[in-house]
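**Student:** Take this structure, written in structure tokens, and hold onto it; I'll ask about it next.
The values are calculated or read from the model by the stated rules, or taken from the named source; none is laboratory data. Here the structure is a predicted model, which means the values were calculated and not measured. Ideal geometry is used to build each Cβ from the backbone, glycine not excepted, and the neighbour counts take in all protein chains shown. Each accessible area value is taken on the protein alone, full model and side chains, heavy atoms only, with ligands, DNA and RNA left out. Shrake-Rupley method; radii C 1.70, N 1.55, O 1.52, S 1.80 Å.
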Amino acid sequence: MSDPLAIVRLAPSWETADIRAACTSLAETISALPQEAVIYRGRNTLSRFTLVGREVVAKAFPAPRTLLKRLQRVGRASKAVRAFDHATRMQALGIGTPEPLAAIVADDGRAWYLCAWAAGCTTVRHLNNLTDAQSDQQCAELARFIGRMHRAGAYHFDSTPGNILLRQEGDHTHFQVVDCNRMRFGHVGAWAGMRTLAQLRCRGRLLAGYCEVRGWQPDRVRWMYDLRLFLHRWNWRLKDASRPLRRRLGV
């Protein structure tokens, strides 16, 4: 028998007996899904399916397997709960993110975050490979979106191209932030802001639009942007080289 699941967070619109029953049996539902329902498999697993008539994405966080991972969780809410709370706060700030629906945990430390499926969206990864008028415009809009997000006091520690979704509607581009468990809220300074721009890369095309929203002169912070881009390139080279060892250590 599976460990009992506890619904730690539930969106008000989902507060029904049927949905509660579906959430408490979520582990069995996901285990019965066909392979094509898995849209990402890595340290965590993302599955897309329909639950009580709603198309959703479930992000599964595994139970901690090492002592270090267990110690890191002492006194902290689970990643699923943090993802739900941060997404809820992002919505309150007017920042796009898929609707948070539930955070569910098991006694053994496993956890799941449920959110609405972002229909019609793609990631911004393609902006690192294209240099045309449309991609330049999308980079400018992405930079302004990040600038508004930082000006509102929301900072995402893992603003990689896979964690920003894009949906084009005519001449306007809509953005949504995902993977919200690693965030903080408060003042976002220039050094932290340049880190986000470096993570997104976009061939170094983000500075002007970002500074436009922040009210900064691009020439004043360009050195900081260039340094962040340099450090980010080397950081990822080191991560790639050390990934096998880190996986063995559970770090």
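**Student:** Between 140, 190, 32, find the one with the highest GNM mean-square fluctuation for the chain; connect C-alpha pairs within less than 10 Å.
**Tutor:** 32
**Student:** Where the only charges are on Cβ atoms (+1 Lys, Arg; -1 Asp, Glu), what is the dipole of the chain about its Cα centre, to the nearest 20 debye?
**Tutor:** 1340
**Student:** Calculate, in nm to one decimal, what residue 233 and residue 43 gain on full extension: separation in residues at 0.36 nm each, minus their alpha carbon distance.
**Tutor:** Details: separation 190, 0.36 × 190 = 68.40 nm, distance 2.20 nm.
Using 0.36 nm per residue and subtracting the Cα-Cα distance, I get 66.2 nm.
**Student:** Just how much of residue 57 is accessible, in Å², when a 1.4 Å probe is used and the result is rounded to the nearest 10?
**Tutor:** Answer for residue 57: close to 20 Å² accessible.
**Student:** Can you bin the range 138-200 into rounded, prolate or oblate? Criterion: square roots of the alpha carbon gyration tensor eigenvalues sorted a ≥ b ≥ c, rounded for a/c under 1.5, prolate for a/b above b/c, oblate for the rest.
**Tutor:** Numbers: a/c = 1.85, a/b = 1.55, b/c = 1.19.
Because a/c hits 1.5 or more and a/b exceeds b/c, the range 138-200 counts as prolate.
**Student:** Relative to 2.2 N^0.38 Å, what does the C-alpha radius of gyration of the range 190-246 come to as a ratio? Two decimals please.
**Tutor:** 1.27
**Student:** Rounded, prolate or oblate: which fits the range 154-236, taking a ≥ b ≥ c as square roots of the Cα gyration tensor eigenvalues, rounded meaning a/c under 1.5, else prolate when a/b beats b/c?
**Tutor:** Note, shape of the range 154-236 comes out rounded.
**Student:** Oh, and also: Could you tell me how far the Cα centroid of the range 20-46 sits from the Cα centroid of the range 119-138, in Å?
**Tutor:** Between the Cα centres of the range 119-138 and the range 20-46 lies a distance of 29 Å.
**Student:** Quick one: P(r) of the chain from all Cα-Cα pairs, 5 Å bins, percents rounded to integers, in order of increasing distance.
**Tutor:** Histogram of Cα-Cα distances, whole percents per bin: 1, 6, 12, 16, 17, 16, 14, 9, 6, 2, 1, 0, 0.
**Student:** Where only protein heavy atoms count, and the probe is 1.4 Å, what is the accessible area per residue for the range 112-251 in Å²?
**Tutor:** I get 52 Å² per residue for the range 112-251.
**Student:** When the chain is modelled as a GNM with alpha-carbon springs shorter than 10 Å, which of 110, 43, 20 fluctuates the most?
**Tutor:** 43
**Student:** Considering amide H positions built from the backbone, and no H for Pro or chain starts, which residues 5 or more places from residue 45, or on another chain, come under 5 Å of its amide H?
**Tutor:** For residue 45, whose amide H was placed from the backbone, the distant partners under 5 Å are 60.
**Student:** Please work out how much accessible surface residue 23 shows to a 1.4 Å probe, ignoring ligands, DNA and RNA, in Å² rounded to 10.
**Tutor:** Estimated to the nearest 10 Å², residue 23 gives 0 Å².
**Student:** Right, next: Going by amide H atoms built from the backbone, whose H comes under 5 Å of the H on residue 51, apart from near neighbours?
**Tutor:** 56
**Student:** What's the carbon and sulfur percent of the chain's accessible surface, probe 1.4 angstrom, rounded to a whole number?
**Tutor:** Solvent-exposed carbon and sulfur of the chain make up 53 percent of the total.
**Student:** Another question, then. In whole Å, how far is the Cα centre of the range 81-106 from that of the range 161-177?
**Tutor:** 18
**Student:** Next question. Tell me which of 127, 143, 104 sits at the most positive position along the dipole axis of the range 95-182, charges placed on C-beta atoms (Lys, Arg +1; Asp, Glu -1).
**Tutor:** Selected residue: 143.
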